[in-house]
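Structure first, then comments.
The values are calculated or read from the model by the stated rules, or taken from the named source; none is laboratory data. From a predicted model like this one, the values you see are computed outputs, not experimental measurements. Using ideal geometry, Cβ is built from the backbone for each residue, glycine included, and neighbour counts are taken over all protein chains shown. The accessibility values were calculated without ligands, DNA or RNA, using every heavy atom of the protein model including side chains. Shrake-Rupley method; radii C 1.70, N 1.55, O 1.52, S 1.80 Å.
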Protein chains: 2
Amino acid sequence: MAARAFAKAILRGVFILAAALTMVSMFGQTQPPVQRYSLVIGLRPEKIEYYKKLHAAAWPGVLKKIKECHIQNYSIYLQEVEKGKFYLFSYFEYTGEDFEADMAKMAADPLTQKWWKETEPCQIPISRRGPKEWWSRMEEVFHLD
Amino acid sequence: MAARAFAKAILRGVFILAAALTMVSMFGQTQPPVQRYSLVIGLRPEKIEYYKKLHAAAWPGVLKKIKECHIQNYSIYLQEVEKGKFYLFSYFEYTGEDFEADMAKMAADPLTQKWWKETEPCQIPISRRGPKEWWSRMEEVFHLD
């Protein structure tokens, strides 16, 4: 009987631990502190094929730096929004604590600078862009988790 | 000694269970079968405030129907892409198995139809839209998880 009581006590304790680990893991996965960003910029029609080719095989070091700067679920979309005028629309999620500092870190990376020497001549910033912007941030008017 | 061996065996078994539960929970959360969509449409300048107001307090029944149709992480962004020309860009993730069928289900919902009677007069489809499109789908040229 003592053995059974001892085993029961251990069993109860370890089940509580299992439940706690499961909950920590679930909450850790489903509720990261995410800030959503969406940016827009023009794309020169004659550069579309080159831009797509570059991004179909983006440089691994550039992708690694993006991840290091706490960016995840990053997509870029293309559409001919007005006749002959093409725009790129990006969406990504930022999980760090200092976006400005992470962007400065990215901008200081020599390989990223080299990548931008390829991509920037393809792009045309919108006329309404902010003083320090290349891509322009958009306003979020709706969100549903 | 028998009690200790018994307790040890239970301890080992329940730790394996705890580890298994944690892993199931982690993988279940991080790898849903997601298809990303991004759409674009124009927004009439004189309707911007009304459109924003509508979406700041979107109807609960409309949101419920969106979820029922397997759409998650749904955002809409706004920017003045060209002088005096405003565009809405949407991004969402589809987790169902038949997108066409889910969209038909949404379109058949009377409350969603009523909602669209409010939103559609605010919007201007792009000239390049497909035959059955209202919002136009964009092409994904880059993605990083």
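Interface size between chain A and chain B, please: total buried accessible area, 1.4 Å probe, rounded to the nearest 100 Å².
5400 Å²
Using 22 Å as the Cα-Cα cut-off, could you pick out the over-long pairs in A:Lys105/B:Lys83; A:Lys83/A:Lys117; B:Lys52/B:Lys114; A:Lys83/B:Lys53; B:Lys64/B:Lys105?
Violating the 22 Å Cα-Cα cut-off are A:Lys105/B:Lys83; A:Lys83/A:Lys117; A:Lys83/B:Lys53.
Between A:Leu111 and B:His143, what is the spin-label point distance in nm, taking each point 7 Å from the Cα along the Cα→C-beta axis?
2.3 nm
Could you tell me, in Å, what Rg and Dmax come out for the Cα atoms of the stretch A:35-137?
My reading of the Cα-based Rg and Dmax gives 13.6, 40 Å.
What aspartates and glutamates sit close enough to B:Lys132 to cross-link, taking a C-alpha to C-alpha distance under 13 Å and skipping anything fewer than 8 places away on the same chain?
Partners found: B:Glu100.
Tell me, which residues of the stretch A:97-143 get at least 10 Å² less accessible area when the other protein chains come in, versus the chain alone (1.4 Å probe)?
At a threshold of 10 Å² (probe 1.4 Å), the residues of the stretch A:97-143 that become less exposed are A:Ile126, A:Ser127, A:Arg128, A:Arg137, A:Met138, A:Glu139, A:Glu140, A:Val141, A:Phe142, A:His143.
Set the Förster radius R0 to 30 Å, insert the Cβ-Cβ distance between A:Ile124 and B:Glu120 as r into 1/(1 + (r/R0)^6), and round the FRET efficiency to 0.05.
0.50
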